[in-house]
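The values are calculated or read from the model by the stated rules, or taken from the named source; none is laboratory data. Just so it is clear, the model here is predicted, and its values are computed rather than measured. Ideal geometry is used to build each Cβ from the backbone, glycine not excepted, and the neighbour counts take in all protein chains shown.
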């Protein structure tokens, strides 16, 4: 398994714990991107796309546009260092105001 796949699995686990506290469930999407759909009492209320550094591509942005065009909410979870780059791309594409952006970073502290 690649490191990116492990990272995504870890992030999904953390998201499930966090959203479970507010009565929301996460289910994988059959054809990603996005990676997950957010459900509340069985109704889809949005989507989450977990992006790693190597996954930023025009095809992914087109998929985001498609999701947003039908009125879905989209949250993009990306590395903290990539936030500025993605925000600029979203503004250029005209979808920045419709997307929520979350970030993640991994810190390792050794004694």
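Just a few scattered comments:
- Within the stretch 1-14, the set of residues being touching a residue at least 40 places away in the same chain (Cβ under 8 Å) and out of contact with any strand residue (DSSP E or B) (no Cβ under 6 Å at 6 or more places or on another chain) comprises 4, 7.
Each row is one residue, and each column tells you yes or no for (1) modelled with pLDDT under 90; (2) touching a strand residue (DSSP E or B) at 6+ places or on another chain (Cβ under 8 Å); (3) closer than 27 Å to residue 107 by Cβ; (4) loosely packed, with under 11 Cβ neighbours inside 10 Å.
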{"position": "21", "(1), (2), (3), (4)": "yes, no, yes, yes"}
{"position": "26", "(1), (2), (3), (4)": "yes, yes, yes, no"}
{"position": "55", "(1), (2), (3), (4)": "yes, no, yes, no"}
{"position": "76", "(1), (2), (3), (4)": "no, yes, yes, no"}
{"position": "79", "(1), (2), (3), (4)": "no, yes, yes, no"}
{"position": "93", "(1), (2), (3), (4)": "no, no, no, no"}
